[in-house]
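Asker: Got a structure for you, written out below as structure tokens; questions coming shortly.
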Amino acid sequence: MSKNRTILHGIPDHDYFGIIQPIEHTSGMDCSSIADGLGLTYTLVSPVDSTKVRAILICKRTLYTDSDALDAISYLLYGVRRDLLLDRMHKRYADMIDEVVELWCFKKE
């Protein structure tokens, strides 16, 4: 696969973990892509100290940005409310879709 499978993200302590990923306008909301990447290995790189960890993508789930589920998950994963998380994501990903994000679940190699 020629696609870059590196994600700039904090490194979790747990063997199983989730991260919130934006869906950008260029990729669209095509449901056929929901399984793209499942079973593939990704490299997470810490933006703080460049520590790297390899992990296998085991699940993807689409969440509406105005949902209570995203509010709860953003607090559990990042310790912030949904609005603050979305504000940070919009600053980092200018082309992200406003209505949905994806929860990606990984298992460390």
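Asker: What are the residues in the stretch 87-101 that are within 13 Å of residue 66 (Cα to Cα), out of contact with any helix residue (DSSP H, G or I) (no Cβ under 8 Å at 6 or more places or on another chain) and surrounded by 15 or more Cβ atoms within 10 Å (Cβ to Cβ), if any?
Answerer: Hits for the stretch 87-101 are 97, 100.
Asker: Please go through the stretch 62-86 and give me each residue that is in contact with a Ser or Thr (Cβ under 8 Å, 6 or more places away or on another chain) and crowded, with 16+ Cβ neighbours inside 10 Å, ordered by number.
Answerer: Matches in the stretch 62-86: 82, 85, 86.
Asker: Moving to a separate point now. Can you pull out every residue in the stretch 1-20 that is within 25 Å of residue 98 (Cβ to Cβ) and either at pLDDT 90 or above or not in a strand (DSSP E or B) (or both)? Steps first, please.
Answerer: Filtering the stretch 1-20 for residues within 25 Å of residue 98 (Cβ to Cβ) gives 3-4, 7-10, 18-20.
Passing the criteria: 3, 4, 9, 10, 18, 19, 20.
Asker: A further question follows. What residue, among those in the stretch 42-61 that are out of contact with any Leu (no Cβ under 8 Å at 6 or more places or on another chain) and among the β-branched types (Val, Ile, Thr), is least open to solvent (accessible area, probe 1.4 Å)?
Answerer: Selected residue: 43.
Asker: Just the residues that are aliphatic (A, V, I, L, M) and either at pLDDT 95 or above or part of a helix (DSSP H, G or I) (or both), please, taken from the stretch 81-109. Even if it seems obvious, please write down each step before you answer.
Answerer: Quick first cut of the stretch 81-109, residues aliphatic (A, V, I, L, M) only: 84-86, 89, 94, 96-97, 100-101, 103.
Passing the criteria: 84, 85, 86, 89.
Asker: To continue, here is another question. For residues in the stretch 21-35 being outside any helix (DSSP H, G or I) and open to solvent by less than 80 Å² (accessible area, probe 1.4 Å), which is modelled with the lowest pLDDT? If you could, list the steps in order and put the result at the bottom.
Answerer: Here is the first cut: in the stretch 21-35, the ones outside any helix (DSSP H, G or I) are 21-30.
Applying the additional criterion that residues be open to solvent by less than 80 Å² (accessible area, probe 1.4 Å) yields 21-24, 27-28.
Details: 21: 89, 22: 89, 23: 85, 24: 78, 27: 54, 28: 50.
That would be 28.
Asker: Related question: Is there a residue being closer than 13 Å to residue 9 by Cβ and either without any contact (Cβ under 8 Å) to a residue 40 or more places away in the chain or within 12 Å of the chain's Cα centre (by Cα) (or both) anywhere in the stretch 58-75?
Answerer: No, the conditions are met nowhere in the stretch 58-75.
Asker: On to the next question. On the given criteria, is residue 38 among the hydrophobic types (A, V, I, L, M, F, W, C), at pLDDT below 95 and assigned to a loop (DSSP other than H, G, I, E, B)?
Answerer: Details: among the hydrophobic types (A, V, I, L, M, F, W, C): yes; at pLDDT below 95: yes; assigned to a loop (DSSP other than H, G, I, E, B): yes.
Spelling it out, residue 38 is indeed among the hydrophobic types (A, V, I, L, M, F, W, C), at pLDDT below 95 and assigned to a loop (DSSP other than H, G, I, E, B).
The values are calculated or read from the model by the stated rules, or taken from the named source; none is laboratory data. Keep in mind that what you see is a predicted model, and the values were worked out from it rather than measured. Counting neighbours? That spans all protein chains shown, and the Cβs are built from the backbone with ideal geometry, glycine included. Remember, those area values only see protein heavy atoms, side chains included, never the ligands or the DNA or RNA. Shrake-Rupley method; radii C 1.70, N 1.55, O 1.52, S 1.80 Å.
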